1. For a quick check of your reading of the model, give me the residue pairs whose first member lies in the range 201-212 and is of a type in the set (D, E, K, R), whose second is open to solvent by 10 Å² or more (accessible area, probe 1.4 Å) and part of a helix (DSSP H, G or I), with beta-carbon atoms closer than 8 Å and at least 6 apart or on different chains.
2. Can you tell me which residue among A124, A111, A143 is small (G, A, S) and at pLDDT below 70?
3. Picking from V77, V83, V95, V56, which residue would you name as being at pLDDT below 95, out of contact with any strand residue (DSSP E or B) (no Cβ under 7 Å at 6 or more places or on another chain) and hydrophobic (A, V, I, L, M, F, W, C)?
4. Considering each residue of the range 171-190, count those that are surrounded by 15 or more Cβ atoms within 10 Å (Cβ to Cβ) and either of a type in the set (D, E, K, R) or assigned to a helix (DSSP H, G or I) (or both), and give that number.
5. Let me spell it out: the conditions are (1) assigned to a helix (DSSP H, G or I); (2) crowded, with 18+ Cβ neighbours inside 10 Å, and G197 meets all of them except one. Which number is the exception?
6. With the structure loaded, tell me whether R4 is more than 17 Å from L107 (Cβ to Cβ), out of contact with any Gly (no Cβ under 6 Å at 6 or more places or on another chain) and in a helix (DSSP H, G or I) or whether it fails that test.
7. Of a type outside the set (D, E) and assigned to a strand (DSSP E or B) - does that describe any residue in the range 9-24?
8. Please determine, by comparing only the residues of the range 64-73 that are in a helix (DSSP H, G or I) and touching a Lys or Arg at 6+ places or on another chain (Cβ under 7 Å), which one is surrounded by the fewest Cβ atoms within 10 Å (Cβ to Cβ).
Amino acid sequence: MTTRVIIVDDQAMVRAGFAALLAAQSDIDVVGDAPDGVQGVELSRRTHPDVVLMDVRMPEMDGLEAARQLLDPPAGVVHRPKVLMLTTFDVDDYVYEALRAGASGFLLKDAPPADLISAVRVVAAGEALLAPSVTRRLIADFARQRPTPRKDRTALRLNGLTPRETEVLELIARGLSNQEIAESLVLAEQTVKTHIGRVLAKLGLRDRAQAVIFAYESGLVSPGTN
C-alpha cells in the first residue's frame, strides 16, 4: 500500500529535497507541499495524506498550531493524518507540546536520508518515532520544568491497568524499544505489542508518544530515575 505524504516547511529547498527523496520510493507518494501552517492545514484537508511532515517554526502559523488543528479537527472533519514534526534541534519546547497534542514523533532536519524514509514508514504504520536516547532526555527535561504530577486526576486511569501493563508503560517511558521491553520482562515481542495496545486503549491515548508523556505527568516515572 502506498503512503501519501505532504511536506510543510517554509524553506523551499527543504521541501524540494524531501519531496524528491520520498517520491523516489515505490511505496511513498508525495501529494503536495506548503510553505506555512495555514496552507499546510488547507492542503491536508484537501488531499487527505497519511503522513504530514511538519516543520516546527514557520510564518503565518507555526507547526505546533497546525498540528493541533490537524489532530483535533473541528466537527465535520473526519480525516486525521499522522504528524511527524521536523526540527533543527533535538530538544525543543515545541516538540514536547506537539507530542502532547498527538504528533507521532519528530525528526531532525539534518538526519540521514535513510532515516527520513524510515521515519515516514514507521509513522504511517502507527508507531511513534521516539528514539530511546531522545525520549529519555526530551521528556525528562521538560517534566522537570513542570508542576508536581496531577496524581489525583490520573490515579483512576492508572488503576485500570494490570500490574504487567503498568510495567510495560513504565518501560516505554524509560525509552525502551519493544524488543528491549520483551527482553526485560522475558516476554515475546508480539506479547509486548499486545500489552501496549491495551495500555493505549485503557488510558485513551493515541500512540506511544502520548503514553510516554502520560507516564511522566502521572508520576509513574520520575525525571532523573533509571
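The values are calculated or read from the model by the stated rules, or taken from the named source; none is laboratory data. Here the structure is a predicted model, which means the values were calculated and not measured. Methodologically, a virtual Cβ is constructed for each residue, glycine included, from the backbone with ideal geometry; neighbour enumeration extends over all protein chains shown. Side chains included, ligands, DNA and RNA excluded: accessible areas come from the protein's heavy atoms. Shrake-Rupley method; radii C 1.70, N 1.55, O 1.52, S 1.80 Å.
1. K202/R157; R206/L200; D207/L200; R208/I196; R208/L200
2. Numbers: A124 fails: at pLDDT below 70; A111 fails: at pLDDT below 70.
Answer to the selection: A143.
3. Values: V83 fails: out of contact with any strand residue (DSSP E or B) (no Cβ under 7 Å at 6 or more places or on another chain); V95 fails: out of contact with any strand residue (DSSP E or B) (no Cβ under 7 Å at 6 or more places or on another chain); V56 fails: out of contact with any strand residue (DSSP E or B) (no Cβ under 7 Å at 6 or more places or on another chain).
Of V77, V83, V95, V56, the one residue that is at pLDDT below 95, out of contact with any strand residue (DSSP E or B) (no Cβ under 7 Å at 6 or more places or on another chain) and hydrophobic (A, V, I, L, M, F, W, C) is V77.
4. Just the residues of the range 171-190 that are surrounded by 15 or more Cβ atoms within 10 Å (Cβ to Cβ), to begin with: 171-178, 180-182, 185, 187.
Then drop every residue that is not either of a type in the set (D, E, K, R) or assigned to a helix (DSSP H, G or I) (or both), which leaves 171-174, 178, 180-182, 185.
Here the count works out to 9.
5. Only one criterion is unmet by G197, namely (2).
6. On the way: more than 17 Å from L107 (Cβ to Cβ): yes; out of contact with any Gly (no Cβ under 6 Å at 6 or more places or on another chain): yes; in a helix (DSSP H, G or I): no.
Here the answer is no, as R4 does not meet what is asked.
7. Initially, the range 9-24 is screened for residues of a type outside the set (D, E), giving 11-24.
Of the ones still in play, those that are also assigned to a strand (DSSP E or B) are none.
There is no residue in the range 9-24 that is of a type outside the set (D, E) and assigned to a strand (DSSP E or B).
8. Within the range 64-73, the subset in a helix (DSSP H, G or I) is 64-71.
Checking which are touching a Lys or Arg at 6+ places or on another chain (Cβ under 7 Å) leaves us with 70-71.
Working: L70: 26, L71: 18.
Filtering first and then ranking leaves L71.
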